[in-house]
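The values are calculated or read from the model by the stated rules, or taken from the named source; none is laboratory data. Predicted model only: the values in this text are computed from it and were never measured. In this analysis, Cβ positions are derived from the backbone assuming ideal geometry, glycine residues included, and neighbour counts consider all displayed protein chains.
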Amino acid sequence: MPLRDYFVAPADEAAPVADATEPAEPRGGARAAEPAEPLRDGRAAEPAEPRGASRFGLRRPVRARAAASPTVAPSLAVLAPPRDLPAVAAAAGLVLARGAPAVLVCVYAARAELATSVRAPARGVASRLAASLGARGLAAEARGRLVLVNAWPSDGDEEPAGTAARALAVAGPLPAVLAVAVRDADVDVLLATQDAILVALPPSAESTLAELAVAGASELSRAAAGVFVAFDPVSRALALGGLRAPRGLREAVEGLVG
């Protein structure tokens, strides 16, 4: 499947947004958007990550916390190709984990590979969240403050995206990352409820596709941005293990929900 089919719009129908200028209210409250600033390449700034990351996007919104609900933790949706999706999601979760006892990383993709050779010791709240998910029939694993769950339904009777919705509900007030490889109408409903959407593409992706992907995401969220990122085996393992996020991804997530 071409990359364009993953991110630009659902394959069967348009995104369920009546008015693109008024996206669904995000879980963490309203935010205002600012014009994009020039984006710098993160590769030169951190040579220890040789392949690095650079950001793209039509705008760089600033997240405004809602005074009416200050206890609501941030939620972030991530769109990425299936191979990179788990690592991108885990890295984003590590950023949200700063100051939080645990973060749910909900990966919604067929045959998503969450295994890694290294894992951070599970924290108490993360272990309890993983157990709560397990009690509801969702296989989850705690790695440091991250709780990774593959929400792709194994039961053919499960409603589309229903497993992901159940996992997000269990997380309650904790920060959450919803990671999706392919958009469809049901997934778009969940994407529209997140505070922000980050599109992560490999450096080989065409810039036109990247801009279209962010434009599509911005129809669902007031905060949408993109990042080009490539993982080597070490950076992939460290992200999946709940140990370290690549600098380029850290900066991109902080720009959306920081």
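Couple of notes before you dig in:
- Every test in (1) outside any loop (DSSP other than H, G, I, E, B); (2) at pLDDT 95 or above is passed by Pro121 save one, and that test is (1).
- Any hit, segment 84-99, residues being more than 20 Å from Val234 (Cβ to Cβ), in a strand (DSSP E or B) and among the aliphatic types (A, V, I, L, M): no
- Out of Ala192, Ala142, Ala196, one residue alone is in contact (Cβ under 8 Å) with a residue 40 or more places away in the chain, touching a strand residue (DSSP E or B) at 6+ places or on another chain (Cβ under 7 Å) and buried (at least 17 other Cβ atoms within 10 Å of the Cβ). It is Ala196.
- Flag for Ala192 being among the aliphatic types (A, V, I, L, M) and either touching a helix residue (DSSP H, G or I) at 6+ places or on another chain (Cβ under 7 Å) or under 15 Å from Pro81 (Cα atoms) (or both): no
- Contacts under 9 angstrom Cβ, first residue in segment 62-90 being at pLDDT 50 or above, partner buried (at least 24 other Cβ atoms within 10 Å of the Cβ) and of a type in the set (Lys, Arg), 6 or more apart: Ala90/Arg143
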